[in-house]
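Remarks on the structure that follows.
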Amino acid sequence: MPIIDVHAHVGRWQFHLTAGDADTNIAQMDRYGIDLQIVSASEAVVYDALAGNAALRETLESRPRLYGYAVVNPNRVDESAADLRRCLDTGRFVGAKIHTHYPGRMPGCREMAEAFDVVAEAGVPLLLHTWGREVTLLPELVEARPGLRVIMGHAGGDAWREAAHAAAACDRLYLEHCRTATDAGRVAYAREAGVPVERILFGTDATLIDPCVSLGVIRDARFTEDELERVLWRNAAELFGLKVGTALPPVV
């Protein structure tokens with residue numbers, strides 16, 4: 001079965017890690033059978049969005065299995081809006097990424113609202129770093145912006161219960177469960193809260209975290225074969241308009 005990873009990164013981090021360049025991503029993808037991966041540049045996330053996005057544009061030119069998120073900085077919305085358009089024009093970027101803690105802006109503040117407006121106007125999915133009870137604000141923020149589709153990266157982190165109920169309340173909110181602490185029952189709780197399998201996506205946080213962690217979470221969720229197909233690739237293919245291989249059924 002194909003696999004599309006919707007949450008990954010290229011580049012080095014300030015932590016003591018050996019992972020870094022895009023070759024590491026490809027090696028991990030080969031090891032775990034991941035066909036496509038959507039990545040943001042770590043430099044863009046933690047330091048300089050424009051420079052990181054520019055470096056990622058060059059990286060994606062020679063790696064067709066990687067697609068990009070353009071990082072939007074809520075503190076520099078006008079610059080980020082123009083840069084998002086530049087990235088999308090390459091055809092190699094398929095979404096936007098916004099972190100909350102590095103720029104110091106959370107859902108509910110003016111800067112984040114303006115950043116959401118930029119992504120909504122661009123018409124691409126948004127991967128949003130979520131870690132805390134601020135996820136309870138997302139249904140209202142998304143509903144106010146027709147066409148905005150938001151993936152809750154880490155599914156709210158330690159607020160995964162609140163994130164589940166937020167996703168159940170808004171049909172344009174998606175859950176992606178990667179994190180280092182694999183609390184048992186997170187996926188089951190989300191489904192019991194009313195989140196359909198069509199809005200659960202697979203992500204790894206590679207190369208910050210080894211993909212085996214997220215694959216274990218999916219295994220333990222005990223999806224049926226049809227549900228597994230949805231979570232591992234078809235939901236992402238439909239959301240981002242991606243094609244995986246040539247022998248697969250078409251995405252409709």
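General observations
- Distances between placed amide hydrogens fall under 5 Å for VAL39 paired with TYR67, GLY68, TYR69, all partners being 5 or more residues away or on another chain.
- Shown is the FRET efficiency for LYS243 and MET106, computed with R0 = 45 Å from the Cβ-Cβ distance and rounded to the nearest 0.05: 0.80.
- Take every Cα pair under 8 Å whose residues are at least 6 apart in sequence, average their separation, divide by the length of the stretch 4-240, and the relative contact order is 18 percent.
- The accessible-area ordering, largest first, of the residues GLU192, GLU238 stands as GLU192, GLU238, per a 1.4 angstrom probe.
- Peptides 209-218, 164-173 ranked from most to least packed by the mean count of surrounding Cβ atoms within 10 Å: 164-173, 209-218.
- Residue order for MET1, MET29 - accessible surface, 1.4 angstrom probe, largest first: MET1, MET29
- With each label modelled as a point 7 angstrom along the Cα→C-beta vector, the GLU121-ALA181 pair spans 3.9 nm.
- For the pair the stretch 173-251 and the stretch 42-108, the centres of their Cα atoms are 23 angstrom apart.
- Ellipsoid equivalent to the stretch 131-219 - semi-axes via the Cα gyration tensor, in Å: 21, 13, 12
- Using a probe of 1.4 Å on the protein chains alone, the accessible area found for TYR67 is around 40 Å².
- LEU127 long-range amide H proximity, modeled H, under 5 Å: ALA96, LYS97, ILE98, ILE151
- Highest-MSF residue in the chain out of THR207, THR180, THR130 [GNM, Cα springs under 10 Å]: THR180
- Spin-label model, LEU17/GLU61: points 7 Å from Cα along the beta carbon direction are separated by 2.6 nm.
- Computed in the context of the full set of protein chains, the accessible area of the chain at 1.4 Å probe radius has 49% of its extent on carbon or sulfur.
- Environment charge at ALA120 (Cβ cut-off 11 Å; Lys +1, Arg +1, Asp -1, Glu -1): 0
- Other residues within the sphere of radius under 14 Å centred on the Cβ of CYS170, judged by their own Cβ, net out at -1 (K and R +1, D and E -1).
- 14 Å beta-carbon shell around VAL77, net charge (K/R +1, D/E -1): -3
- Probe 1.4 Å, protein heavy atoms only - accessible area per residue of the chain in square angstrom: 43 Å²
- Computed from backbone phi with θ = phi - 60° and the Karplus coefficients 6.51, -1.76 and 1.60, the 3J(HN,Hα) list for the stretch 98-106 is 10, 8, 10, 6, 5, x, x, 10, 10 Hz; x is used for glycine and proline.
- Full extension of the segment from ALA113 to ARG76, taken as 0.36 nm per residue of separation minus the current Cα-Cα distance, would add 12.1 nm.
The values are calculated or read from the model by the stated rules, or taken from the named source; none is laboratory data. Remember, it's a predicted structure, so these values are computed and weren't measured experimentally. FYI the Cβ positions are ideal-geometry reconstructions off the backbone, even for glycines, and counts take in every protein chain you see. Ligands, DNA and RNA are excluded from the accessible area calculation, which covers all protein heavy atoms including side chains. Shrake-Rupley method; radii C 1.70, N 1.55, O 1.52, S 1.80 Å.
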